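Here the structure comes first, spelled out in structure tokens, and everything after it is commentary.
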Amino acid sequence: MKKSIDIICIGEVVIDFIGHQIDTSINRTKDFHRFLGGSPTNVAVNATRLGLKSALVATCGQDGLGEYIVRKLKANNVITSYVKKIDDKPTSVIFVSKSTGTPDFIPFREADSQIDPSQITDDLLESAKIFHTTCFALSKEPARTTILESAKRAKQLGLKTSIDINFSERIWKDREEAKSVLKEYLATDPLVKLSEDDCYRLFSEAKTEDFIFEYFHNLGASTICLTKGKEGVVLSDKEFGLFHQESIPVIEIKDATGAGDAFWTGFLYAQLLNKNFNDTITIAQKLAVLKLQNVGRLPINIDIGSFIELD
């Protein structure tokens, strides 16, 4: 079958209410602005801005916020055929502080975890190249089982799996359960993205790069990309070894929400173009920098493809 979809993004679709006041706690934030959110949702939208074909598999409520979600996805050319609306749970929302660092957030999860097997057909998998999800999406049933079983089918059908290990104890209180579920997903040999903050939350203590890479390689992942904020990016690949890049300086950080998703979209985009790892990381960093300079989604008034071109 012809591969008509570049990336299937499976997981949380939410409404992010991002605070107006920067570097202020949620407690002291006076007002919030509405944005389409959710890590896989961000990747799906970002991908279309780069000229890729993306489909989102997700669930929202049969309500005004759900209508807003589908409208915004369609406006951004994301395939919405696999987004389900349900009557018995409202659309999930997250209140987020606007921050130049790791944002604070309060989640109100409802419909987002109600992803069932009927939403991920074999025809969908056979038409795609990459199967991407998140730790957030795996944190709750029935989405967890749906995604795990679908990832195994995706691997058998020749797709490259991918995961953002965006672990948070506020989303997933049982760390040992999280590690067990991640072990099952990483057996599909996904491209792995995680940050130092993610690792600190997952292991409840700081870990060395050596520990992090050895831990996730041993679970089955060949390629692991660790983002370290101002300290840059380190990638470990079982075949090609270690790669390190300094961070690209940002003159003014306006909003860090979604920067990791922008980074990973750039990474997957570059891998689809068969770029080497150094070029892949550079492209990923450029897209993250663009996001850091803008509140909410990536800007619509520039040619993003030209922006991230290699010099």
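Relative contact order, percent, of segment 192-254 when contacts are C-alpha pairs under 8 Å separated by at least 6 residues? Don't skip to the answer; put the middle values down first.
Values: 74 pairs, mean separation 16.3, N = 63.
Contact order relative to length: 26 percent.
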- Local charge sum around Ser118 (other residues, Cβ-Cβ under 13 Å, Lys/Arg +1, Asp/Glu -1)? -3
- Under 1.5 on a/c is rounded, so check that first for the chain, then, if it is not, pick prolate when a/b is larger than b/c and oblate when it is not; a ≥ b ≥ c are the square roots of the alpha carbon gyration tensor eigenvalues. rounded
- Shape category assigned to segment 13-57 from the gyration tensor of Cα positions, a/c cut at 1.5: prolate
- Message: Check which residues have an amide H placed less than 5 Å from Phe95's amide H, if you skip close sequence neighbours.
- Response: Phe17, Ile106, Phe108
- Message: Which residue fluctuates most in the GNM of the chain (Cα springs below 10 Å): Asn274, Asn76, Asn42?
- Response: Asn274
- Show the residues, 5+ positions off or on another chain, whose built amide H is closer than 5 Å to the amide H of Lys254. Gln293, Asn294
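Is the C-alpha gyration tensor of segment 219-295 telling us rounded, prolate or oblate? Criteria: a/c under 1.5 is rounded; beyond that, a/b larger than b/c is prolate, otherwise oblate.
On the way: a/c = 2.05, a/b = 1.76, b/c = 1.16.
Cα axes put segment 219-295 in the prolate bin.
When only the heavy atoms of the protein chains count and the probe is 1.4 Å, how do Lys254, Lys193 rank by accessible area, highest first?
Values: Lys254 90, Lys193 15 Å².
Most to least solvent-accessible, the answer reads Lys254, Lys193.
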- All-pairs Cα distance distribution in segment 78-211, expressed in whole percent, bin size 5 Å: 2, 9, 17, 21, 20, 16, 10, 4, 1, 0
- Item | Percentage relative contact order, the chain, counting C-alpha pairs under 8 Å, at least six apart | 16
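Using unit Cβ charges (K, R positive; D, E negative) and no other charged atoms, how large, in debye to the nearest 20, is the dipole of segment 97-253 about its Cα centre?
Working: 20 positive and 28 negative charges, 21 e Å.
Computed charge dipole of segment 97-253: roughly 100 debye.
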- Ordered by residue, what ³J(HN,Hα) values in Hz, to whole numbers, does segment 233-242 give under the Karplus form 6.51 cos²θ - 1.76 cosθ + 1.60, where θ = phi - 60° and Gly and Pro are x? 10, 10, 10, 10, 10, 4, 8, 9, x, 9
- Item | Under 9 Å, Cβ to Cβ, from Lys228 - net charge with Lys/Arg +1 and Asp/Glu -1 | -2
- Probe 1.4 Å, all chains present, heavy atoms only: Glu126 accessible area in Å², nearest 10, is 60
- Divide by every residue of the chain the summed helix terms, -39500 (n - 2.57) for each DSSP H run of at least 4, and state the resulting mean residue ellipticity at 222 nm, rounded to the nearest 500 deg cm²/dmol. -10500 deg cm²/dmol
- Note on the structure: Residue by residue through segment 118-135, the couplings from Karplus 6.51 cos²θ - 1.76 cosθ + 1.60 with θ = phi - 60°, in Hz, x for Gly and Pro, are 5, 7, 10, 7, 5, 4, 4, 4, 5, 8, 10, 10, 10, 10, 10, 8, 9, 5
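Counting each pair of different Cα atoms once, what's the Kirkwood radius of segment 1-155 in Å, rounded to one decimal?
Numbers: mean 1/r = 0.0631 Å⁻¹.
Mean inverse Cα-Cα distance, inverted, gives 15.8 Å.
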- Note on the structure: Regression test value, accessible area per residue of segment 108-193, probe 1.4 Å, units Å², expected 37
- Task: With θ set to phi - 60°, apply the Karplus curve 6.51 cos²θ - 1.76 cosθ + 1.60 along segment 139-149 and write out the HN-Hα couplings as whole Hz, x wherever there is a Gly or Pro.
- Result: 7, 8, 7, x, 4, 4, 5, 4, 6, 4, 5
- The percentage of the accessible area of the chain (probe 1.4 Å, all protein chains present) made up of carbon and sulfur atoms, to the nearest whole number, is 48
- Query: Excluding ligands and nucleic acids, what accessible area in Å² is computed for His244 using a 1.4 Å probe, to the nearest 10?
  - Reply: 100
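So which of Lys140/Lys173; Lys160/Lys193; Lys98/Lys207; Lys129/Lys238; Lys183/Lys238; Lys3/Lys183 end up more than 20 Å apart by C-alpha? Don't jump to the answer; show the numbers that get you there.
Details: Lys140/Lys173 11 Å; Lys160/Lys193 14 Å; Lys98/Lys207 27 Å; Lys129/Lys238 22 Å; Lys183/Lys238 17 Å; Lys3/Lys183 28 Å.
Distance filter (> 20 Å) returns Lys98/Lys207; Lys129/Lys238; Lys3/Lys183.
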- Task: Quick one: compute the contact order of segment 109-199, relative version, from alpha carbon pairs under 8 angstrom and 6+ residues apart, as a percent.
- Result: 30
- With each label point set 7 Å from Cα along the Cα-Cβ vector, what nm distance links Ser81 and Tyr68? 2.8
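The values are calculated or read from the model by the stated rules, or taken from the named source; none is laboratory data. Quantities reported herein were computed from a predicted structural model and do not represent experimental measurements. Methodologically, a virtual Cβ is constructed for each residue, glycine included, from the backbone with ideal geometry; neighbour enumeration extends over all protein chains shown. Note: accessible area is taken over every heavy atom of the protein model, side chains too, but ligands, DNA and RNA are not part of it. Shrake-Rupley method; radii C 1.70, N 1.55, O 1.52, S 1.80 Å.
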